[in-house]
Amino acid sequence: MDNAITLVNKKHINLWPAVLGGGALIILGLVLGGVINQYIQTVLMFIGINIILSASLNIVNGYMGEFSCGHGGFMLVGAYTSSILSVLFFTKSPWLGAPLLPPSSAVFLFPLVIIGGGIVAAFAGLLVAIPSFKTRDDYLAIITIAANFIFVSLVNNLEFIGGSRGFMGMKTTIYAMEDVADLPFTLIWTMVFSTLSVFLIRRLMRSTFGKGISSIRHDEISAEIMGVNTNNMKIVAFMVSSGLAGIAGGLFAHVLGFINPSSFNIMKSTECLVMVYLGGMGSLSGSVLSAVVFTFLLEVMRPLQILKWVIIPLMLILLMQFRPEGLMGNRELTDIFPKLKPYFKRRDL
Amino acid sequence: MSLLKINDMTHRFGGLTAVSNLNYELEDGKIYGLIGPNGAGKTTVFNLVSGFYNPSMGEINYNGEVINGMAPHDVASRQIGRTFQNIRLWEDMTVLENIKMSHHFKLGYNLIDVFFKTKKYQTREKEITEEAMELLEVFKLTDLAHERPSSLPYGIQRRVEIARALSLGPKLLMLDEPAAGLSTADVVELIDYIKWVHETFNITIWMIEHQMQVIMSLCDRIKVIDFGQEIADGVPEEIQNNPEVIKAYLGDGAI
Amino acid sequence: MFSTLLQNLFNALQWGSFYSMIALGYCLVYGVLRLINFAHGDIFMMACYFAFFIASWFLGNLAGMPGPIIFGLTMILTMVATSGLGLFIERVAYRPLRKKGAHRLYVVITALMLGFILENGNLAVLGASSRRFPDMFGKIVFQFAGVSLTNYKIIVIVTAVLAFALLNLIVNSTKIGMAMRAVSYDKFAIPLMGIPLNRIITFTFILGSSLAAVAGILFGMSYPVLDPYMGMIIGWKAFIAAVVGGIGDIKGAFLGGFILGFIEIIVVAFFPSSYKDLIAFVILLVILSVKPTGFFGVAKSTKI
């Protein structure tokens with residue numbers, strides 16, 4: 001007994017995998033046991049998607065200290081790319097014809113479709129990353145908003161993928177997967193991708209490499225003088241951030257089964273902003289927490305309809321006035337509950 | 001052998017000539033001072049050398065390589081360390097993290113290594129931390145490794161900033177008014193500190209400073225500029241008695 | 001051929017006038033506060049609604065009055081109402097942040113959010129049915145050389161030019177205008193010189209909102225269908241105009257509005273009109289990446 005405790009303290013066993021794996025298994029069990037109904041599943045999926053969105057936007061807005069308000073645009077790129085890939089490969093559609101691959105192969109290839117969306121979105125991130133070499137602050141904010149408008153109105157004008165009417169058929173892929181094995185695939189992949197995103201961001205931001213991103217926030221000139229190639233770091237930050245947004249977009253498209261450009265307009269970007277600033281800039285656990293809180297809030301406020309869109313901005317305004325550092329500031333959960341530290345912090349290298 | 005050689009460098013901002021026809025030669029292992037009245041263009045010279053501006057004319061040669069036109073991070077990676085008038089430490093990082101950043105341009109691993117926590121990543125991070133801790137040990141800052149700079153007294157922050165610049169392993173250390181904002185007692189300590197740094201690391205130091213006490217007790221050679229032009233160059237005694245210099249500092253009536 | 005060209009020229013001038021008047025509002029506030037007042041487009045939208053209610057009331061209750069008098073009264077009252085709104089926003093949202101010395105980004109976020117509140121609040125209160133702006137005086141169409149001009153079109157262009165002339169006079173030749181220019185140079189020295197900073201800011205918001213009010217009435221008269229989101233896209237594009245001209249310079253903003261007006265009319269002549277927004281935003285992106293200070297703006301360098 002004593003021996004076990006000293007072992008824990010000494011070797012700083014990382015409890016994250018156990019906590020997450022256990023949680024996922026419990027959720028899966030509840031779903032399969034029929035305890036969690038379709039509605040709660042959907043909410044859980046939105047939580048997962050929102051976690052990816054807020055954590056990824058936090059790279060740019062929190063850690064790097066820039067102000068990107070076009071996250072929805074990258075989500076759109078990812079959503080459309082993976083939707084098209086999904087329809088192209090796994091379903092029979094009037095536009096893209098017969099599936100290129102047997103639909104059942106989606107069981108294995110579905111994550112690749114989502115990642116494909118993420119990769120294309122990451123390259124779309126270059127559209128704002130490159131101007132960010134020269135421009136900062138509010139001007140960069142404008143560029144990101146302009147990028148968002150450009151993506152939306154571009155797709156609006158692309159009639160062959162449905163234009164403003166939207167694009168659908170992704171559900172067929174999901175059904176094809178469910179034909180192979182009766183599992184809640186979208187839920188599983190949403191959980192997997194959101195967990196992975198948080199982990200990757202955590203690793204990135206703790207590495208000396210990733211600290212190059214935070215060094216820009218506090219003092220870009222210092223960063224340069226210490227040999228940090230800030231342009232490179234900006235590209236990394238924007239590409240990782242927009243790539244993950246693209247993954248979130250791909251998942252979103254497959255959860256809903258239907259997307260249109262206006263689901264990714266500036267309102268969507270605002271949702272992402274609210275989550276980041278609610279959670280606290282530069283706090284990963286804050287982002288996760290706020291994604292959960294915010295998704296619940298949205299569900300609770302659903303009956304308010306349009307008033308919801310008065311209350312959400314108002315929340316953010318009040319936040320800016322009274323607690324601009326957000327729920328968590330730039331602290332992590334382990335800073336607030338230091339006793340948790342040995343279990344969740346990485347071993348000091 | 002000269003470490004840094006500036007040939008006929010001129011820099012204009014729009015219509016204003018901030019630096020004109022400046023020649024400079026820094027030899028290995030000495031301490032140089034660059035002085036002049038406010039607005040003389042001293043910091044501009046530093047900014048030109050460290051790559052923030054690209055000179056309108058002329059050439060900067062460092063360690064046998066032309067460095068003008070290079071981005072500041074490329075200049076830094078060629079081992080030039082620098083500090084600023086106002087301390088520019090990263091206040092949201094610990095002292096140790098501040099120091100570790102000097103390895104950023106020579107990490108030896110990439111994003112993929114970070115994501116997959118590869119062996120290469122782990123060993124490199126370990127080496128970087130160890131090297132940074134060793135450096136802090138030399139500077140007797142080990143106790144402060146996990147403090148944030150904002151919680152440290154101003155004088156200590158200066159030292160940390162100099163230590164950070166040295167963590168690049170520079171052959172040339174550029175100090176922009178290291179004594180600015182320090183108390184008289186701190187200035188005396190700073191002089192000893194810079195001497196100690198010079199001896200321990202065996203490097204060339206080039207500093208801008210307004211406090212004559214610092215300049216006169218440290219520098220082997222001093223250059224005076226005014227309105228971007230050189231008005232005097234020599235050993236401290238020569239400079240102290242140079243009428244041109246006195247005129248530039250005190251105005252015509254002083255003589 | 002020539003007449004189509006002329007016709008498009010007039011259309012572009014009219015279209016550009018709206019952009020110019022709104023762009024001037026962005027520019028004034030930016031000049032004084034270094035704040036991009038993202039809510040300005042929605043202040044313009046609110047001005048349209050104010051004008052709609054005021055004009056409808058006059059037309060309902062003072063039916064016998066001649067059109068121009070109703071127009072004038074509507075103009076004045078709308079300017080008052082819109083200025084009130086602008087000042088309210090300044091007071092409750094921007095000023096407290098300024099007092100706390102909050103980071104600029106927080107102010108920008110607040111401005112963006114205020115825009116959403118105005119749009120969606122309007123939708124929530126007034127409902128989704130779009131409204132028709134009342135006709136205050138009959139539309140007269142002049143025809144010459146194959147070009148058709150309405151009296152509205154002429155009023156819009158003339159008013160925009162007059163408004164700019166007046167603004168230019170205020171900024172360049174009055175004491176308060178001088179103070180405004182001084183604030184944009186150095187915000188910290190101003191209180192030291194005994195100039196009340198808040199009074200200048202108040203005045204700036206009144207000027208900007210009044211211009212939005214004028215634009216709102218004229219827009220309502222020219223394109224009589226109102227909806228709560230009309231301010232967003234127009235506001236954004238006016239902002240693009242201000243950036244193209246070089247934000248912070250009123251001449252630049254004014255010209256920028258017309259430049260954008262021309263570009264859009266040309267785009268519509270060659271592409272489907274749905275490409276208008278796309279091209280406008282691409283232009284913005286290109287200009288900001290290449291010359292972030294716009295055509296007339298002055299570069300501001302960070303001190304190292």
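The values are calculated or read from the model by the stated rules, or taken from the named source; none is laboratory data. Being a predicted model, the structure only gives us computed values, none of them experimental. FYI the Cβ positions are ideal-geometry reconstructions off the backbone, even for glycines, and counts take in every protein chain you see. These area figures cover heavy atoms from the full protein model, side chains too; ligands, DNA and RNA do not enter into them. Shrake-Rupley method; radii C 1.70, N 1.55, O 1.52, S 1.80 Å.
For this structure, a couple of remarks:
- From the list A:I225, A:I221, A:I216, the one residue that fits, being within 14 Å of chain B (Cβ to nearest Cβ), open to solvent by less than 30 Å² (accessible area, probe 1.4 Å), of a type in the set (V, I, T) and touching a residue at least 24 places away in the same chain (Cβ under 8 Å), is A:I216.
- Within the range C:90-103, the set of residues being under 22 Å from the mean Cα position of the chain (by Cα) and open to solvent by 10 Å² or more (accessible area, probe 1.4 Å) comprises C:R91, C:V92, C:R95.
- Considering the range B:75-95, and only residues there that are within 8 Å of chain A (Cβ to nearest Cβ) and open to solvent by 10 Å² or more (accessible area, probe 1.4 Å), the residue that is farthest from B:R158 (Cα to Cα) turns out to be B:S77.
- Residues of the range A:261-279 classified as closer than 21 Å to A:R217 by Cα and open to solvent by 10 Å² or more (accessible area, probe 1.4 Å), total: 1
- Set C:G256, C:G248: member being touching a residue at least 24 places away in the same chain (Cβ under 8 Å) and open to solvent by less than 20 Å² (accessible area, probe 1.4 Å): C:G256
- Of all residues making up the range B:96-138, the number that are in contact with a Lys or Arg (Cβ under 8 Å, 6 or more places away or on another chain), more than 8 Å from chain A (Cβ to nearest Cβ) and surrounded by fewer than 16 Cβ atoms within 10 Å (Cβ to Cβ): 1
- Members of the range B:202-251 found to be assigned to a helix (DSSP H, G or I) and not hydrophobic (A, V, I, L, M, F, W, C), listed by number: B:Q213, B:S217, B:P236, B:E237, B:E238, B:Q240, B:P243, B:E244, B:K247, B:Y249
- When C:G41, C:G60 are checked against the criterion of being in a helix (DSSP H, G or I), of a type outside the set (V, I, T) and out of contact with any helix residue (DSSP H, G or I) (no Cβ under 7 Å at 6 or more places or on another chain), C:G60 stands alone in meeting it.
- Out of A:A146, A:A121, sole residue that is crowded, with 19+ Cβ neighbours inside 10 Å and in contact with a Ser or Thr (Cβ under 8 Å, 6 or more places away or on another chain): A:A121
- Residue within the range A:157-178 that is aromatic (F, W, Y), touching a strand residue (DSSP E or B) at 6+ places or on another chain (Cβ under 6 Å) and either buried (at least 16 other Cβ atoms within 10 Å of the Cβ) or part of a loop (DSSP other than H, G, I, E, B) (or both) present: yes
- Residues that are on the phi > 0 side of the Ramachandran plot and of a type outside the set (G, A, S) within the range B:2-21 comprise B:D8, B:N21, listed in sequence order.
- For the criterion of being under 22 Å from C:F219 (Cα atoms) and either in a helix (DSSP H, G or I) or free of Cβ contacts under 8 Å to residues at least 60 places away in the same chain (or both), C:I70 passes.
- Helices (runs of 4 or more DSSP H) contained entirely in the range C:86-179, each with at least 2 residues that are farther than 24 Å from C:P191 by Cβ and either within 14 Å of chain A (Cβ to nearest Cβ) or basic (K, R) (or both): C:104-126
- On the stretch given as the range C:38-68, residues that are modelled with pLDDT of 90 or more and within 24 Å of C:K187 (Cα to Cα) total 2.
- Matching option when the condition is open to solvent by 20 Å² or more (accessible area, probe 1.4 Å) and assigned to a helix (DSSP H, G or I), among C:L218, C:L207, C:L211: C:L207
- Out of A:G282, A:G286, one residue alone is farther than 30 Å from A:I161 by Cβ, within 11 Å of another protein chain (Cβ to nearest Cβ) and either buried (at least 16 other Cβ atoms within 10 Å of the Cβ) or modelled with pLDDT of 90 or more (or both). It is A:G282.
- Residue match in the range A:42-60 (condition: surrounded by fewer than 17 Cβ atoms within 10 Å (Cβ to Cβ) and more than 17 Å from the chain's Cα centre (by Cα)): no
- So B:N61, is it of a type in the set (S, T, N, Q), free of Cβ contacts under 8 Å to residues at least 24 places away in the same chain and within 26 Å of B:I194 (Cβ to Cβ): no
A quick yes/no check of all residues on (1) within 20 Å of the chain's Cα centre (by Cα); (2) modelled with pLDDT of 85 or more; (3) among the charged types (D, E, K, R):
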| position | (1), (2), (3) |
| --- | --- |
| C:I259 | yes, yes, no |
| C:L278 | no, yes, no |
| C:S301 | no, no, no |
| C:I304 | no, no, no |
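- Tabulated pairs, the range C:210-238, first in contact (Cβ under 8 Å) with a residue 40 or more places away in the chain, second assigned to a loop (DSSP other than H, G, I, E, B), C-beta under 7 angstrom, 6+ apart or interchain: C:G220/C:F133; C:M221/C:F133; C:M221/C:M136; C:P224/C:F133; C:V225/C:S130; C:L226/C:S130; C:L226/C:F133; C:D227/C:S130
- Residue that is modelled with the lowest pLDDT [pool: residues in the range C:126-168 that are surrounded by fewer than 16 Cβ atoms within 10 Å (Cβ to Cβ) and within 30 Å of C:L28 (Cα to Cα)]: C:N151
- Among residues of the range C:1-32, those that are assigned to a helix (DSSP H, G or I) and open to solvent by 20 Å² or more (accessible area, probe 1.4 Å), counted: 12
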